[in-house]
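Beneath this line is the structure, given in structure tokens, with notes to follow.
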Amino acid sequence: MFDKKTIKDADVRGKRVLVRVDFNVPLSDGLVTDDTRVRAALPTLRYLVDHGARVIVMSHLGRPKGAPDPQFSLRPVRRVLQRLLGRNVVFVDDIVGPEAHEAVDRMVDGEIIMLENVRFDPGEKANDPEFAKALASLGDIYVNDAFGAAHRAHASTEGVAHVLPAYAGLLLAREVETLTAMLAHPERPFVAILGGSKVSDKFGVIDRLLDCVDTLIIGGGMCFTLLVAKGIGVGNSLVEQEWVEPAKAMLAKATEKGVGLMLPVDFVIAEAIEPDVETRIVAREEIPAGMMGLDIGPTTVELFKGEITSARTIFWNGPMGVFEMAPFENGTKQVALAVSRNNRAVSVVGGGDSVAALKKFDLEERVTFVSTGGGASMKLLEGSELPGIAALQDA
Ligand code: ADP
Ligand code: MG
């Protein structure tokens, strides 16, 4: 299943362990507004500390332009990590310079230090071998626990793994195990629910899911390209014209594989994406010119709920509508509720906005697994190799 060495295969006691985590958290006025990603890294960090490692934590945050930029400093995350771990965390205002080396030299076993944002150095995104070597010189072994960044070949996610003995962290291993097991041997029926804005973003994932699932539910903005492929007019709804032909192939593959492909039968429509806009509910063939489908309608909700309720494995990615605005949130909310109420199913939710929707409706704790990687989980599901994982030592 997961064929890479993890930290449990490493002898970490007394070693300087350079750990790449994904602390790319949302900040507002210098405060961390969502600590999910910090919590997700705790099992690995605790394991390393408990086993007497000297832990050097590194991450990116936001999109600085390869130079120090105070608004993307990782400093505010230190306090959060310190509180969650219940131990002191030293913050170093440096990445690979003398200050970082001095701090590492002063470390004792079981101590944690945190480096500044690796993207403050242009070598990070360029995957510059010199920068990777400089990072590597801080540690004896490397651990990648940044599943959310594993689809990027950057110096701290990939380059450094070629210089030091490289192991997977517990979060990264669990993400890969959960997602691959879901595709490889799901309890049936296996129902996947796909939504979100664009079919082009997720074509690879849908294609792979068609090989595994019993039922594929498609809502959100992407369903309109499929409806057009079926010859149904969708008014002013979101359509990717150049994806109509691939969408026809997708429909044909579903038929060929015997997958039940369910598309919405009614919509909440409006003229504009605005919070106080006037809305109407219409059957899917009746979206007038100039109007957009912005959420699935009530008949569709019942249809989708029925499938979700009888599933034994559920994968959900992508909101059913523009859930950020009250008039268009109901479809996503009802799907989230149906997924969370099915206690007999293994339920896996992935995707940045889908997870945000789960949080909005306070259902995050009610599903089996919430993937911390948006882009990374999509890449993994579509069968692409993730460079940050490929570079780790084989088990
Ligand atoms: P995820 O991050 O979960 O993978 P996506 O990024 O693909 O999801 O899509 C999320 C976005 O899709 C949301 O911002 C939502 O407003 C938008 N969306 C959903 N349904 C529609 C629709 N019918 N028309 C336009 N945008 C939509
Ligand atoms: Mg998104």
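The values are calculated or read from the model by the stated rules, or taken from the named source; none is laboratory data. A quick note: this is a predicted structure, and the numbers were derived from the prediction, not measured. Reconstructed Cβ throughout: ideal geometry from the backbone, glycine too, with neighbour counts over all protein chains shown. Remember, those area values only see protein heavy atoms, side chains included, never the ligands or the DNA or RNA. Shrake-Rupley method; radii C 1.70, N 1.55, O 1.52, S 1.80 Å.
Brief remarks follow.
- Scanning the stretch 255-264 turns up one or more residues that are at pLDDT 95 or above, more than 22 Å from GLY297 (Cα to Cα) and hydrophobic (A, V, I, L, M, F, W, C).
- Candidates in the stretch 214-228 are the residues that are open to solvent by 10 Å² or more (accessible area, probe 1.4 Å) and of a type outside the set (D, E, K, R); of these, the one that is farthest from GLY195 (Cα to Cα) is VAL228.
- Summed over the stretch 357-379, residues that are surrounded by fewer than 20 Cβ atoms within 10 Å (Cβ to Cβ) and in contact with a Phe, Trp or Tyr (Cβ under 8 Å, 6 or more places away or on another chain) total 1.
- Residues of the stretch 190-213 that are assigned to a loop (DSSP other than H, G, I, E, B) and either buried (at least 24 other Cβ atoms within 10 Å of the Cβ) or not assigned by TED's automatic domain parsing to the domain that holds GLU256 (or both): GLY195, VAL213.
- Matching residues, the stretch 1-53, being surrounded by fewer than 18 Cβ atoms within 10 Å (Cβ to Cβ), touching a strand residue (DSSP E or B) at 6+ places or on another chain (Cβ under 9 Å) and in a helix (DSSP H, G or I): LYS8, ASP9, THR36
- Qualifying strands (runs of 3 or more DSSP E) (wholly inside the stretch 261-331; at least 2 residues being touching a residue at least 24 places away in the same chain (Cβ under 8 Å) and of a type in the set (Val, Ile, Thr)): 266-270, 313-317
- Filtering LEU194, LEU183, LEU164 for residues that are within 16 Å of ligand 1 (Cβ to nearest atom) and more than 18 Å from ASN24 (Cβ to Cβ) leaves a single hit, LEU194.
- The one condition in (1) in contact (Cβ under 8 Å) with a residue 24 or more places away in the chain; (2) surrounded by fewer than 19 Cβ atoms within 10 Å (Cβ to Cβ); (3) more than 19 Å from THR313 (Cβ to Cβ) that GLU382 fails to fulfil: (3)
- Output for the stretch 124-135, where each listed residue is buried (at least 23 other Cβ atoms within 10 Å of the Cβ) and in contact (Cβ under 8 Å) with a residue 40 or more places away in the chain: GLU124, LEU135
- Selected residue [of a type outside the set (A, V, I, L, M, F, W, C), crowded, with 17+ Cβ neighbours inside 10 Å and either at pLDDT 95 or above or over 25 Å from ALA338 (Cβ atoms) (or both)] from GLU240, GLU274: GLU240
- Residue, nearest to ligand 2 (Cβ to nearest atom), within the stretch 174-193, restricted to residues that are over 14 Å from the mean Cα position of the chain (by Cα) and of a type in the set (A, V, I, L, M, F, W, C): ILE193
- Flag for VAL160 being in contact (Cβ under 8 Å) with a residue 40 or more places away in the chain, open to solvent by less than 10 Å² (accessible area, probe 1.4 Å), more than 16 Å from ligand 2 (Cβ to nearest atom) and within 30 Å of LEU135 (Cβ to Cβ): yes
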